[in-house]
Amino acid sequence: MPDYYIRTPDHESSRGPFDIEKLLTLAEASQVNENTLYYDEEKEEWIPFALNPELFAQIFPKREKLSLKTVNAQDAAATEDDERDASGGEGIDVEHMLAAAEGVTEETKHLKKRAKSFDKAASLATNGIGIAFLLSAFSLIFPQFEIIKLLYEEGTYTQILNHPFLIVGIFDLFMALFLFLAITEIFPLLRTRGMLTLGFGLYVGWAVGDPTIMLASAVGGFGIFFATIAQSYSTMIIALVCSILGNGSLAFLAFQGRFAGFFDLAKLSIIQAN
């Protein structure tokens, strides 16, 4: 019997693995419901329990007992006539029964639509945020290229610790690489980094007296933060546009030399030159 990982639609973290008996216990304790997502290994996606009728029936079995009663042919015929009259002469709606079995009734359509929107958003997230981090890395590393060259020529690699913004740029470069590899476990770390983009950018913009840097940092930082928590396709698109636009603007400003002199002022003295 397979085990399942589960999580709620509004959280990234998952729990498990749980077998059917454990899921049944969690359902009885109201810790999982029809909207809870489980990971389908064949489809490689998160799906609500409500969209899997067979699994749903095992975890949320009906409690009412069905009673059988014998009816003769005449009573059965009368019952059938009554049902036909009540439904306007149309009998049982077979299409509705098949739709219910496939989990596409009106009650579950909104869940399927939401899950589809979430899947589209997730497919965009890693590459889109990866581009934003690549641009952020460029805006921090490019203005300090001469410093990198000097450290390489002198072999004083440890002195990189004296350049905090260069370290952040290298960090962003690695985050971009992880995102292009679709490693989503780093999303909580990216949310913190998004807020640091906002804080660093506002400070740098204030230090050099450039409001454009402050605005670009605010847009880029908020864009990264919301892109890591977006659950719908439309929200993800807006967040990614902001993150790429904001960090792209910072990269362009760095290329223009708008950060000139600032990183020299931000230099620390943690490691002394020999």
Residue count, region 184-201, condition touching a residue at least 60 places away in the same chain (Cβ under 8 Å) and more than 23 Å from LEU265 (Cβ to Cβ), comes to 4
Scan region 14-55 for residues that are free of Cβ contacts under 8 Å to residues at least 40 places away in the same chain and either aromatic (Phe, Trp, Tyr) or closer than 20 Å to GLN231 by Cβ (or both) and jot them down. SER14, ARG15, PHE18, VAL32, ASN33, THR36, TYR38, TYR39, ASP40, LYS43, GLU44, PHE49
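Results for (1) in contact (Cβ under 8 Å) with a residue 40 or more places away in the chain; (2) acidic (Asp, Glu), shown as yes or no for each residue.
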{"residue": "ILE160", "(1), (2)": "no, no"}
{"residue": "LEU166", "(1), (2)": "yes, no"}
{"residue": "LEU179", "(1), (2)": "yes, no"}
{"residue": "ALA182", "(1), (2)": "yes, no"}
{"residue": "TYR203", "(1), (2)": "no, no"}
{"residue": "ASP210", "(1), (2)": "yes, yes"}
{"residue": "ILE213", "(1), (2)": "yes, no"}
{"residue": "SER217", "(1), (2)": "no, no"}
{"residue": "GLY220", "(1), (2)": "yes, no"}
Among the helices (runs of 4 or more DSSP H) confined wholly to region 143-218, which include 1 or more residues that are over 17 Å from ALA254 (Cβ atoms) and at pLDDT below 90? 145-154, 187-208
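Here's the yes/no breakdown for (1) crowded, with 22+ Cβ neighbours inside 10 Å; (2) touching a Leu at 6+ places or on another chain (Cβ under 7 Å):
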{"position": "ALA182", "(1), (2)": "no, no"}
{"position": "GLY194", "(1), (2)": "yes, no"}
{"position": "SER217", "(1), (2)": "yes, yes"}
{"position": "ALA227", "(1), (2)": "yes, yes"}
{"position": "ILE237", "(1), (2)": "no, no"}
Consider ILE224 against the criteria (1) within 12 Å of the chain's Cα centre (by Cα); (2) at pLDDT below 90: it satisfies all of them except one. Which criterion is unmet? (2)
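The values are calculated or read from the model by the stated rules, or taken from the named source; none is laboratory data. Small disclaimer: the values here were computed from a predicted structure and weren't measured. In this analysis, Cβ positions are derived from the backbone assuming ideal geometry, glycine residues included, and neighbour counts consider all displayed protein chains.
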